[in-house]
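The values are calculated or read from the model by the stated rules, or taken from the named source; none is laboratory data. Since this is a predicted model, take the numbers as computed values, not measurements. Because the Cβ atoms are built from the backbone with ideal geometry, glycine has one as well, and the counts that use them run over all protein chains shown. All accessible areas refer to the heavy atoms of the entire protein, side chains included, with ligands and DNA or RNA removed. Shrake-Rupley method; radii C 1.70, N 1.55, O 1.52, S 1.80 Å.
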Amino acid sequence: MRLWTGRAPDTAAAGDMALLDERERSRFEKYGDPVTAAHYAGARAAIRRTVARWHGVRPTEVVWGTGRCPGCGSDRHGPPLIRAPRTDWRVNTSRSGAWWILALSHSVPVGVDIEYRRPLEVPAVVRRCLGDQERAYVAAAPEGSARDEALMRCWVRKEAVVKGWGIGLGTDLAHLAVRPDQPGAVLERTRAQGAAARELWVVQDVPAGADCLAALARPAGPSAPPVVQPPESGVWRGGDTAGSPRPGAG
């Protein structure tokens, strides 16, 4: 399991724009704020460079795809995947403002979420996505930044879980008990119609710098701890040769 985090620039760089595919460029053009658009372009380009370097290919050779939704079977809103190069590595990403996170997991699904620290509208979010224990955890924190952080810790864990499951936010988040008072939590996922009836997942906090909170979710079981890679290990430099793929599991 490998993780990278980074911060996108506040202005769109020509080199970043050149790496966006048609779908990414269309989304870029829909942003009304140039800084928000630059953050999106910079994050997508950095993620593409990182995946390319990990696989020993050029950034332009990376092709994104979408897997089938485990809930409805649609391939229009399922989990992200790498269509090219051919690979056993599973991918998940998240962005919050200028900050981004990328997870690569060998052969098993993974979910990540990142949120930059900021004041939150606590009451509305609490009603929508927290269970009773999580409400108590948030309410016990002093008002202000400590309470905002308590809520955000619940939120990033829940997002990481549903992204790992490949179902997005189309579920009742209040029923996902992510135990923000603990270093990590084990959750049981109940599948329907032919799949394994019981599946255990682990969600945990991961380091993302002083400005952000982040979480990672993965299937439970024997696994090496996630490795947070230095940002430069995933940066493609134009003069580099392709290099060689990264073997092994993690």
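Assorted remarks:
- Ranked packing of 140-151, 102-113, most packed first, by mean Cβ within 10 Å: 102-113, 140-151
- For trypsin sites (Lys or Arg not before Pro), the sites in the stretch 20-114 that DSSP calls loop and that have at most 15 other Cβ atoms within 10 Å are 68, 76, 86.
- Mean Cβ count within 10 Å, highest first, over the residues of peptides 131-137, 173-179: 173-179, 131-137
- Within the full protein context, the accessible area of residue 201 is estimated at about 0 Å² for a probe radius of 1.4 Å.
- Positive minus negative residues near residue 90 (Lys, Arg vs Asp, Glu; Cβ under 13 Å): +3
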